[in-house]
Amino acid sequence: NVQDFTLHPAEWRTQPTVAYVKASKDTITSRDLPAPDFLLVFDTELAASAIADAKDETIAIFNCEKLTQAIKKKVKSYHLPATDIALANLKSAYPNTAMLGALCKIFNKFTLRSIKHAAEIELPGTENAAAIDEGFRSVKRG
């Protein structure tokens, strides 16, 4: 069972957006947000607020070259230059497929092949598969 929802600010096109996904073997009956197991942080300016409610076991993947010590101490952190990967592969600054590749490597509940197949259905073209592959290869611990 999967549930997703997004919180958009009033001027959502120019403001950071927070999105959530809940997945469970059981039926999901609420939108309560317990401390997350995984975080994907696309904008490091939001890192401090993103990890504020994280627990020690939370795994966070950040879109950046390097992480601060404060972030490394708070969560199990990983990073990759997802925007750079997107610019190189997609010719646009949308880092979501590169971040998805990184998540696939860290969260091994689904295969790279299945993620690439889903991307082909939703986002036709080889560019997204290339960004997923590079995100998978590029993610680094802390």
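The values are calculated or read from the model by the stated rules, or taken from the named source; none is laboratory data. Note that this is a predicted model, so its numbers are computed, not measured. Neighbour counts run over all protein chains shown; Cβ positions are idealised from the backbone, glycine included. Each accessible area value is taken on the protein alone, full model and side chains, heavy atoms only, with ligands, DNA and RNA left out. Shrake-Rupley method; radii C 1.70, N 1.55, O 1.52, S 1.80 Å.
A few points about this structure:
- Dividing the summed helix terms, -39500 (n - 2.57) for each DSSP H run of n ≥ 4, by the number of residues in the chain produces a 222 nm estimate of -11000 deg cm²/dmol to the nearest 500.
- For LEU123, the accessible area of its heavy atoms, probed at 1.4 Å with every protein chain present, is near 70 square angstrom.
- Longest segment of the chain lacking trypsin sites (Lys or Arg not before Pro) that sit in a DSSP loop with at most 12 other Cβ atoms within 10 Å: 110-142
- Reciprocal mean inverse distance between Cα atoms of the range 83-128 - Kirkwood radius, Å: 10.8 Å
- Ligands, DNA and RNA aside, ASP133 has an accessible area near 40 Å² when probed at 1.4 Å.
- Quarter the surface of the alpha carbon convex hull of the range 43-120 and you get the mean projected area, 5.6 square nanometres.
- Straight-line cross-link reach from LYS105 at under 23 Å between alpha-carbon atoms covers these lysines, not counting any fewer than eight positions away in the same chain: LYS22, LYS25, LYS55, LYS66, LYS72, LYS73, LYS74, LYS76, LYS116, LYS140.
- Between THR29 and ILE121, residue separation times 0.36 nm minus the direct Cα-Cα distance comes to 30.2 nm.
- Note on the chain: with a GNM built from Cα contacts shorter than 10 Å, the maximum mean-square fluctuation among SER24, SER92, SER114 falls on SER24.
- Gaussian network model of the chain, springs between alpha carbon atoms under 10 Å - residue of VAL21, VAL75, VAL41 with greatest fluctuation: VAL21
- Applying 1/(1 + (r/R0)^6) with R0 = 22 Å to the Cβ-Cβ distance of GLN3 and LEU46 gives a FRET efficiency near 0.50.
- For the range 27-113, the set of chymotrypsin sites (Phe, Trp or Tyr not before Pro) satisfying both a DSSP loop assignment and a count of at most 15 other C-beta atoms within 10 Å is given as PHE107, PHE110.
- Of the GluC sites (Glu not before Pro) in the range 56-129, those whose Cβ has at most 14 other Cβ within 10 Å and which sit in DSSP loop: GLU57, GLU65
- Enclosed volume per residue, in Å³, of the convex hull spanned by Cα atoms of the range 11-142: 130 Å³
- The slack between PHE38 and ALA70, meaning 0.36 nm per residue of separation minus the straight C-alpha distance, is 9.8 nm.
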